[in-house]
Every structure is written in C-alpha cells, then in structure tokens.
Amino acid sequence: MAETLKPVDASKAVGRFGIQEMFIFVAVVALSLACSFPDSTIPGQPNPQSFTWKLVFGLSEMTSGILGLGGAALVIRSWIREGKFPADPGCLLFLICAASFLLGNAVATIFGMFLDAANSSTQEVEMGYVIGLSYVRLMTPAVLFLVCLRGLVRDRWWWRLSFASLAISQIFSMTPVICTLTYAMQSSPVNATYLRNVTIMAALISFLSVVFVVIAGVIDLVCRVSRSWTHWSGVICFLIFSTLPSIVMIVATRVLPLKELYGLP
C-alpha cells in the first residue's frame with residue numbers, strides 16, 4: 001500500500017524562515033546605507049566633489065558594511081540557536097568586521113557632534129572637546145581587542161597566532177590617538193614627524209595581521225582542515241573589509257588632486 005504524502009504548508013515555511021531572513025537583510029542594508037552616505041562631512045575623511053567618486057567611496061563602505069553586518073547576523077543567529085559560539089575562526093572574523101564598522105561610524109557621528117559644538121566655543125572648551133573625542137576614539141580598538149582575545153582559544157595554533165596578531169594590531173592602533181591626546185593635555189604643539197612615524201608603524205602592524213590571517217587560511221587549505229562555508233565566507237569578508245577601502249583610497253589619490261579629494265578650498 002502506497003504511503004500517503006502529506007502536503008507541506010509553504011506559507012508556514014516562508015513565514016517562519018523567509019520573513020525573518022528578509023527582515024535581517026533589510027535591516028543590514030538600511031544600516032549600511034545610512035553609515036555609508038552620511039549627511040555631514042568629517043574633516044580628514046575623503047570628500048570628493050565628483051558625484052562619481054562620492055558614489056565609489058559610498059559603495060565601498062556600503063559593501064564592507066553589508067558583508068560584515070550580514071555575516072555577523074548569521075553567526076549570532078546560529079549562536080542563539082545552538083547555545084554556543086561557532087568553533088570556526090571565520091565566524092569570529094565576521095564579528096570583528098561588524099564591530100569595526102559599527103564602532104567606526106559611531107565614533108565618526110560623535111566626532112561630528114563634538115565639531116559642531118566646538119565651532120561656537122572658546123579655545124579652552126575646544127581643547128576639552130578634542131580630549132573627550134580622543135577618549136571616544138580609543139573605544140573602537142579597545143572593544144576590537146577584547147573580541148580578538150576570544151580567538152586565542154581557537155582549535156589550531158596558526159589561528160591562535162593570527163588572532164594574537166590582530167589583538168596586537170589593535171593595541172598599536174591606539175598609539176596615534178594616545179600621542180595626540182598627550183600633546184593636547186600638555187597644551188604643546190604636536191610633533192608631526194613623530195606622529196607620522198607612529199601612524200606608519202601602526203599601519204604596518206595592521207597590514208601584517210591581515211597577512212597572518214591569509215597565511216592561516218592557506219594552511220587550512222593545505223592541511224585540508226574541515227571548515228564550514230561560514231568560515232570561508234568570514235575569511236573572504238575580512239579580506240574585503242580590510243583591503244577594499246585602502247584600494248579605493250589608493251586609486252583615488254592617483255586620479256584626484258588632494259584638494260579635490262578632500263574638498264579643500
């Protein structure tokens with residue numbers, strides 16, 4: 001006797017999974033769009049007069065945001081369902097990208113608020129805003145440092161080394177801000193040469209940490225370590241997140257004059 005197949009209620013399946021995933025996707029895109037095309041311009045950040053280059057910078061930031069936030073949303077969703085954080089290192093890389101994107105844009109927003117208030121204040125109050133902003137800017141690498149520490153308990157030594165390098169890079173990324181804060185608190189002029197050297201050193205260590213992540217991924221492939229697709233998606237997302245803004249900036253500096261790139265008079 002043939003077995004009777006029960007019809008599947010597609011509407012329930014869509015309502016349970018499709019709507020939830022669609023809500024996450026829309027939220028991620030909306031948040032990325034809001035952060036990528038801000039209304040106010042921040043001094044020191046690219047502000048090209050060309051609409052094409054504005055669009056290029058905005059789409060670059062938006063791509064990084066969608067990849068980082070979307071991947072982090074999937075990882076957190078899996079974390080909640082299974083009751084434990086995924087073991088694959090790529091999942092943690094998603095969280096690092098998302099935290100960096102959100103905190104970086106939050107600091108930029110606070111910077112704009114400080115700037116608007118400082119423009120109508122005395123010099124002493126402006127210095128207070130500068131010092132306060134410096135403390136706010138230290139929040140991003142501090143939080144990312146704590147996230148990277150979780151990677152020290154990964155299952156392979158090469159990934160533990162990679163996350164250790166990422167944690168160290170966050171420490172060194174604080175040094176330019178700490179130097180600026182020290183000069184501001186002492187009311188002394190900034191040593192431009194020293195600050196430039198510190199910034200270059202921090203950038204070099206950050207680049208080396210990305211190289212360590214690439215090497216760890218290659219070792220995974222060579223050793224044929226069993227990894228999920230989420231892991232490899234996280235590794236690819238981290239590489240795009242770390243390199244895409246720099247590539248766009250390098251190309252822009254080769255094409256546009258600095259005055260046009262930063263919107264200077």
Original post:
Any residue at all in the stretch 37-51 that is out of contact with any His (no Cβ under 8 Å at 6 or more places or on another chain), of a type in the set (Asp, Glu), within 23 Å of Leu256 (Cα to Cα) and at pLDDT below 90?
Top reply: yes
Original post:
Which one is nearest to the chain's Cα centre (by Cα), of the residues in the stretch 205-227 that are charged (D, E, K, R) and open to solvent by 30 Å² or more (accessible area, probe 1.4 Å)?
Top reply: Arg227
Original post:
Any residue in the stretch 92-102 that is open to solvent by 40 Å² or more (accessible area, probe 1.4 Å) and either assigned to a helix (DSSP H, G or I) or at pLDDT 90 or above (or both)?
Top reply: yes
Original post:
Counting only residues that are open to solvent by less than 40 Å² (accessible area, probe 1.4 Å) and without any contact (Cβ under 8 Å) to a residue 12 or more places away in the chain, how many does the stretch 141-162 have?
Top reply: 0
Original post:
Got a number for residues in the stretch 193-229 being without any contact (Cβ under 8 Å) to a residue 24 or more places away in the chain, of a type in the set (A, V, I, L, M, F, W, C) and in a helix (DSSP H, G or I)?
Top reply: 11
Original post:
Could you count how many residues in the stretch 76-105 are closer than 12 Å to Val143 by Cβ and aliphatic (A, V, I, L, M)?
Top reply: 6
Subject >> Lone qualifier among Ala184, Ala252 - being farther than 24 Å from Gly70 by Cα, out of contact with any strand residue (DSSP E or B) (no Cβ under 8 Å at 6 or more places or on another chain) and modelled with pLDDT of 85 or more >> reply: Ala252
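The values are calculated or read from the model by the stated rules, or taken from the named source; none is laboratory data. Everything numeric in this text was worked out from a predicted model, so none of it was measured. FYI the Cβ positions are ideal-geometry reconstructions off the backbone, even for glycines, and counts take in every protein chain you see. These area figures cover heavy atoms from the full protein model, side chains too; ligands, DNA and RNA do not enter into them. Shrake-Rupley method; radii C 1.70, N 1.55, O 1.52, S 1.80 Å.
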